[in-house]
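To start, the structure itself, in structure tokens.
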């Protein structure tokens, strides 16, 4: 990227990050080498034992040698199921089938034209960040819907599409723990936090919305940081980067034609009808779409487990209706063609995710991540630092572990029994510890190639700029990650100092 006209330190540093990052092997090979490293480290440290606190008491773990005959036999026998069962794979492919139809028929483009006609160009960044943050309510929908649309929206407005993708990625993943609306992640984390707290105090309970006020106010912070970084750092840096992909022609973003208006009205009517039907189905307290406890947002609720199929339906049906009304669809073959083209864009992603899945499996089986987390927590405990400094240490350690272990719930299942009891013994509440974890967990999501959706973002960028590599995306996201980590951490400490409630039935101190 040409940054000759931007001689300041930040641009030169990001240029170096991009250049060094793009010299790394292809992302698929990066996962292969990471797999080899895990094998070698597990072989060298095989049998090393360590203790991990848990709800049932101290649990003994050991590094598992992944080069043993038994481990390799299991690895080979599970290779296909490891790939096909990799969580992000089905989510992405099913959602993209519906999105592909809506894109191929012109429904998405028409909707964007209408949106751009009422949204000032300068407010696209905060608008996109707001949508990205709200998308957390629908599990992983933001990764497969909001991020690619960010590129299209920015390009349609005459702005650089990679800036739109970076902005959306920052909101969806970097701001993962910021949301105005309670979502399934709240009770999921609460369950682990409460179990960990009961290691010290069996009667201690944690409210599922114990961090809700903090995450709500944090949404404003994330939008402000993302808006500034996008408009003042990322987009100016991209001015010399040509868009050489074949994703969209600028001419397609002229004003709406009469046919497009009719099609858009019909497509939006189909969406509204679909939403009304879903609402009516969920509304009864005994709805089969609710959890057994009658909750809508619980992870066990069928409606929450059906988010991706609903995205598929809420795009393929309006997209098809739009196509027939606007005249862009002549027969069912056009619909199938849209799905096929959508899958074609996922070819590179499929290759990368195959090797990513194998690495993730081996890393999880080796227990190396657990050892790193335990040792880091022991260092924090031994330092016996003041409360605020210890809290920042929790954020920093979580951010580091997040570079190696992507799953928010899996990471907290491991870290909660370590962090929560330790901080309770120095007078800090489980709710405050959970808030610190959420800050660290979010901030570095966007700069680790080992995060399952990172290869997907690389693929999105390559649709616009064909030379995009890991270094390109890392350099784009690094300003967001660093600013969020520092700014959000200081915000948490200030929030705590002011005594603003974290959420429902939440305290700052224990007991």
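What follows draws every value from the coordinates through simple rules; no lab data is involved. Computed from a prediction, not measured in an experiment: that's the story for all the values here. Cβ coordinates were reconstructed from backbone atoms using ideal geometry, including for glycine residues, and neighbour counts include every protein chain displayed.
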Overall form of the stretch 145-286 per C-alpha gyration tensor (a/c, 1.5; a/b vs b/c): oblate
Packing-based exposure ordering (other Cβ within 10 Å, fewest first) of 403, 130: 403, 130
The stretch 9-498 - Rg over Rh from alpha carbon coordinates, Kirkwood radius: 0.97
Square roots of five times the Cα gyration tensor eigenvalues for the stretch 273-381, Å: 39, 27, 10
Ranked by how many other beta carbons lie within 10 Å on average, peptides 72-80, 218-226, 421-429 from highest: 218-226, 421-429, 72-80
Principal-axis tilt of helix 430-443 within the chain, Cα atoms, nearest 10 degrees: 50
Length added when fully stretched, residue 466-residue 213, from 0.36 nm per residue minus Cα-Cα: 86.9 nm
Fewest-first sequence of 314, 14 by Cβ atoms within 10 Å of each Cβ: 314, 14
Estimated [θ] at 222 nm from DSSP helical runs (n ≥ 4, -39500 (n - 2.57)) normalised by residues in the chain, nearest 500: -20500 deg cm²/dmol
Residue order, fewest to most surrounding Cβ atoms within 10 angstrom, among 461, 167, 356: 461, 356, 167
Packing-based order for 99-110, 32-43, 359-370, using average beta carbon neighbours within 10 Å, highest first: 99-110, 359-370, 32-43
Label point distance in nm, residue 306-residue 13, each placed 7 Å from Cα along Cα→Cβ: 4.9
Added length on full extension, which subtracts the Cα-Cα distance from 0.36 nm per residue, residue 44 to residue 81: 10.6 nm
